[in-house]
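Asker: Quick one: this structure, given as structure tokens, is what I'll be asking you about.
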Amino acid sequence: MSDLISRTALVTGASRGIGRATARALAAAGARVIVHYRNAAEEAEALVKEIRADGGRADAVAADLAAPDGAHKVAAEVRKLVVGQLDILVANAGVATAAAIEDQSVEEFDRMFAVNVRAPFFLVQQLLPLFGEGSSIVLLSSLAARASVGLLPAYAATKGAIDTLVKHFAALLGPRGIRVNAVAPGVIDTDMSKFARTDEGRQFTLGMQALQRIGHPDEVADVIAFVASDAARWVTGDTIQVGGGSKL
Ligand SMILES: NC(=O)c1ccc[n+]([C@@H]2O[C@H](COP(=O)([O-])OP(=O)(O)OC[C@H]3O[C@@H](n4cnc5c(N)ncnc54)[C@H](OP(=O)(O)O)[C@@H]3O)[C@@H](O)[C@H]2O)c1
């Protein structure tokens, strides 16, 4: 894919996991990529260097999206870097903690909603002046939004909110030529899904999937890059499952 030449993309949470793979995929397709991270400055800078060494264009921006003004800070940095249109936003940064209903703390519940729901909402709000005809916004949902998996009720609710937001954003922004979709991974081999690296976690995961292996971040990144591209120009308001046939 090389159809993202002359496009500019922001990927939040690009220091690790799915976000990092997405930043690489978008850069490989020709996009200039703004790599957002929270703490992992070394990893983010290494990714920027790698993309530049491959002939691509990349910059890094940092902000804690658990903070009420986190999205506003990212948007302010992006406005300094982008002259013209922001073509792609991948609001990928996310947090997940498993807890039984009885054990869920209010603090962790609020942190998950802040990073997973509030931050994408206000990123879209703050970046609206930069989006235009042909822009594509991709939010990260999850298998957990449509099926009960593990002890994830609070996390799952944040992703259910994303599936709802996508429909409203798509309806409201469609008249401006802006598409909005979500990608919903199943279990993917990242720090967030470390449990799948144990024998028990692996068996649990394979037991709910049609395809019998653990998914890789690149396999989500390729779908995000497709949704971000003009090849998906007639797709909006949708959540695309990327889970190897999970919970069919
Ligand atoms: N992995 C899966 O199985 C899976 C399944 C379904 C959905 N998802 C979703 O996919 C997305 C990416 O997940 P992942 O597995 O790649 O996660 P990950 O490997 O744990 O990486 C999380 C990323 O989010 C950033 N982040 C976390 N808290 C943040 C905060 N307060 N402010 C700003 N950035 C923050 C991290 O930045 P630092 O490195 O700087 O901390 C990191 O770049 C998430 O939205 C997740 O819910 C994942």
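The values are calculated or read from the model by the stated rules, or taken from the named source; none is laboratory data. Nothing here was measured: the structure is a model prediction, and the numbers come from that model. All Cβ positions, glycine included, derive from the backbone under ideal geometry; neighbour counts span all protein chains shown. All accessible areas refer to the heavy atoms of the entire protein, side chains included, with ligands and DNA or RNA removed. Shrake-Rupley method; radii C 1.70, N 1.55, O 1.52, S 1.80 Å.
Asker: With the chain treated as a Gaussian network of Cα nodes joined by springs under 10 Å, which of LEU26, LEU172, LEU139 yields the largest mean-square fluctuation?
Answerer: LEU172
Asker: Let me ask you something else. Extent of region 199-248 along each principal axis, from alpha carbon coordinates, in Å, largest to smallest?
Answerer: Its Cα atoms span 40, 21, 13 Å along the three principal axes.
Asker: A further question follows. Can you give the three extents of the C-alpha atoms in region 1-42 along their principal axes, from longest to shortest, in whole Å?
Answerer: Here the spans come out as 31, 15, 14 Å, largest first.
Asker: Per the helix-only calculation at 222 nm, which mean residue ellipticity applies to the chain, given -39500 (n - 2.57) for every DSSP H run of n ≥ 4 and division by its residues, nearest 500 deg cm²/dmol? Before the final figure, lay out each step's value.
Answerer: Working: 8 runs with 95 residues, N = 248.
About -12000 deg cm²/dmol.
Asker: Compute the long axis of helix 41-53 from its Cα atoms, compare it with the longest principal axis of the Cα atoms of the chain, and write down the angle in degrees, 0 to 90, nearest 10.
Answerer: 50
Asker: At 1.4 Å probe size, with the rest of the protein present, what percent of the exposed accessible area of the chain is carbon and sulfur atoms?
Answerer: Details: 6290 of 11420 Å².
Result for the chain: 55 percent of the exposed heavy-atom area is carbon or sulfur.
Asker: Could you work out how far apart the two model spin labels at GLU42 and ILE5 are, taking each label as a point 7 Å from the Cα in the direction of the beta carbon, and quote it in nm?
Answerer: That separation, rounded to one decimal, is 3.7 nm.
Asker: To continue, here is another question. Kindly report the accessible area of the chain per residue (heavy atoms of protein chains, probe 1.4 Å, no ligands, DNA or RNA), in Å².
Answerer: Values: 11420 Å² over 248 residues.
Here the residues of the chain average 46 Å² of exposed surface.
Asker: So if I average 1/r over every pair of distinct C-alpha atoms in region 1-78 and take the inverse, what Kirkwood radius in Å does that give? Each step should come with its number before you reach the end.
Answerer: Working: mean 1/r = 0.0815 Å⁻¹.
Hydrodynamic radius (Kirkwood, Cα pairs) of region 1-78 is 12.3 Å.
Asker: What are the equivalent ellipsoid semi-axes of region 116-248, built from the alpha-carbon gyration tensor (square roots of five times its eigenvalues), in whole angstrom, biggest first?
Answerer: Values: eigenvalues 165, 48, 28 Å².
Ellipsoid half-lengths, sorted descending, are 29, 15, 12 Å.
Asker: Take the Cα atoms of the chain, build their convex hull, and give its volume per residue in Å³.
Answerer: Numbers: hull volume 29.8 nm³, N = 248.
Expressed per residue, the convex hull around the Cα atoms of the chain is 120 Å³.
Asker: Please report the antiparallel percentage of DSSP beta bridges with both residues in the chain, rounded to the nearest 5.
Answerer: 5
Asker: Extending each Cα 7 Å along its Cβ direction at SER105 and LEU206, get the distance between those two points in nm, one decimal.
Answerer: Between SER105 and LEU206, the label points sit 3.5 nm apart.
Asker: Could you work out the Kirkwood radius for region 12-131, taking every pair of different alpha carbons, averaging 1/r and inverting it, reported in Å?
Answerer: Numbers: mean 1/r = 0.0671 Å⁻¹.
After inverting the mean inverse Cα-Cα distance, the result is 14.9 Å.
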